[in-house]
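A short write-up of the structure that comes next.
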Amino acid sequence: MDTAPPGADDGAGLAPDAGPGPGAGPHEPQQERRRPDSTLVLMMLLLVLVSFQGPLRRALSAPVMQSWTTVFVAVVVQALPFLVLGVLLSAAIAVFVPPSFFARALPSRPALAVPVAGMAGAVLPGCECASVPVAGALVRRGVTPAAALAFLLSAPAINPIVLTATAVAFPRNPEMVLARFVASLVVACAMGWLWQRLGRTDWLRLPAHAPHDGESKGAAFWGSVRHDVMHAGGFLVLGAMAAATLKAVAPASWLRTAADNPVLAVLALSVLAVLLSICSEADAFVASSLSQFSLTARLAFLVVGPMIDLKLFAMQAGTFGRAFALRFAPATFVLAITVAVLTGTVLL
């Protein structure tokens with residue numbers, strides 16, 4: 001008679017009752033994260049607006065709010081077409097233009113590849129949200145990091161969409177377009193050469209994979225468009241709100257104090273560009289609304305913003321590593337301000 005100890009059994013007998021372990025396969029039940037339904041959120045927001053329409057109407061009828069609304073709507077309406085067009089073109093380049101194209105087009109000598117990559121930004125539209133992954137793909141495909149970094153800085157700052165938007169935003173100051181082009185290109189090339197001379201390989205973490213690997217080109221394109229429109233559109237709204245607030249709410253004496261001091265004006269708008277993180281296709285309209293500041297201070301805003309802001313720092317750290325971002329971002333900020341001031345002194 002077989003007398004097995006209580007609780008003893010073969011492995012197969014225990015498997016159905018024991019349940020899957022930590023390494024269970026696809027049949028393991030997964031806990032799905034519940035995400036708020038966007039339609040429900042929108043309906044709740046509309047109900048709140050309808051419920052408080054009386055106080056809202058009275059608040060919006062105040063002269064200060066009317067001035068705020070006028071500036072806010074003007075900035076958003078002017079900037080939105082350029083933002084959408086820039087996002088569409090940058091997504092098309094990031095998805096449909098193979099990174100090997102850039103590797104073949106750039107000179108083999110890094111010192112020559114840097115200015116060529118910088119000038120490539122003038123013919124290849126792309127916002128800063130797209131330039132970071134494109135630069136990562138270039139480095140991953142063997143392009144010298146100095147040239148990839150020059151392209152990363154120049155593409156969002158001197159591409160045709162951005163320069164056209166700058167011309168539309170500053171119709172009475174066409175020299176602002178040339179000043180933005182020259183200053184941004186100089187900073188991009190200087191940072192590329194600076195990295196070539198002083199950069200160390202252990203500061204730069206090579207990107208492991210492309211952001212849309214495994215997707216069809218159509219899916220990757222529309223996914224990039226949706227992400228960039230929502231991401232850049234949110235920052236555009238924040239930037240327009242900040243510009244409207246400065247125009248309508250901030251005491252005029254504060255603005256005069258900052259605007260009348262050349263050094264303080266440049267530093268204030270440079271820091272504002274970092275904090276607002278506006279997409280480069282839209283930042284010219286925000287800068288043009290800050291009419292109390294000098295053209296040189298607004299040029300610093302336009303040069304600094306597309307090269308280093310809060311979202312760019314996070315993207316650079318995520319793509320190339322924190323050690324890289326902590327060195328590259330402050331150097332870019334200081335050099336961008338310096339070059340913008342010198343360019344403004346000569347051209348503006």
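The values are calculated or read from the model by the stated rules, or taken from the named source; none is laboratory data. The structure presented is a predicted model; accordingly, all values stated were derived computationally and were not measured. Every residue, glycine as well, gets a Cβ built from its backbone with ideal geometry; the counts of neighbours run over all protein chains shown. Accessible surface areas use protein heavy atoms only, side chains included; no ligands, DNA or RNA. Shrake-Rupley method; radii C 1.70, N 1.55, O 1.52, S 1.80 Å.
Data overview
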{"read-out": "Residue count for region 238-258, restricted to those that are open to solvent by 20 Å² or more (accessible area, probe 1.4 Å), assigned to a helix (DSSP H, G or I) and not β-branched (Val, Ile, Thr)", "value": "11"}
{"read-out": "Test: residue in region 326-334 that is buried (at least 23 other Cβ atoms within 10 Å of the Cβ), in contact with a helix residue (DSSP H, G or I) (Cβ under 7 Å, 6 or more places away or on another chain) and within 21 Å of Asn261 (Cα to Cα)", "value": "no"}
{"read-out": "Gly318, sole failed condition from (1) surrounded by fewer than 23 Cβ atoms within 10 Å (Cβ to Cβ); (2) more than 15 Å from the chain's Cα centre (by Cα)", "value": "(2)"}
{"read-out": "Cβ pairs under 6 Å, 6+ apart, first in region 264-288 and among the basic types (Lys, Arg) and surrounded by fewer than 24 Cβ atoms within 10 Å (Cβ to Cβ), second at pLDDT 90 or above and in a helix (DSSP H, G or I)", "value": "none"}
{"read-out": "Single unsatisfied condition, Ala183 versus (1) modelled with pLDDT under 95; (2) surrounded by 24 or more Cβ atoms within 10 Å (Cβ to Cβ)", "value": "(1)"}
{"read-out": "Answer residue from region 156-173, given it is outside any helix (DSSP H, G or I) and within 15 Å of Ala287 (Cβ to Cβ) and is least open to solvent (accessible area, probe 1.4 Å) among those", "value": "Phe170"}
{"read-out": "Residue within region 108-121 that is outside any helix (DSSP H, G or I), at pLDDT below 85 and on the phi < 0 side of the Ramachandran plot present", "value": "yes"}
{"read-out": "Failed criterion for Val346 (all others in (1) under 16 Å from Leu163 (Cα atoms); (2) aliphatic (A, V, I, L, M); (3) open to solvent by 10 Å² or more (accessible area, probe 1.4 Å) hold)", "value": "(1)"}
{"read-out": "Tally, over region 289-307, of residues that are open to solvent by 10 Å² or more (accessible area, probe 1.4 Å) and among the aliphatic types (A, V, I, L, M)", "value": "1"}
{"read-out": "Odd one out for Pro306, checked against (1) free of Cβ contacts under 8 Å to residues at least 60 places away in the same chain; (2) under 18 Å from Cys279 (Cβ atoms)", "value": "(1)"}
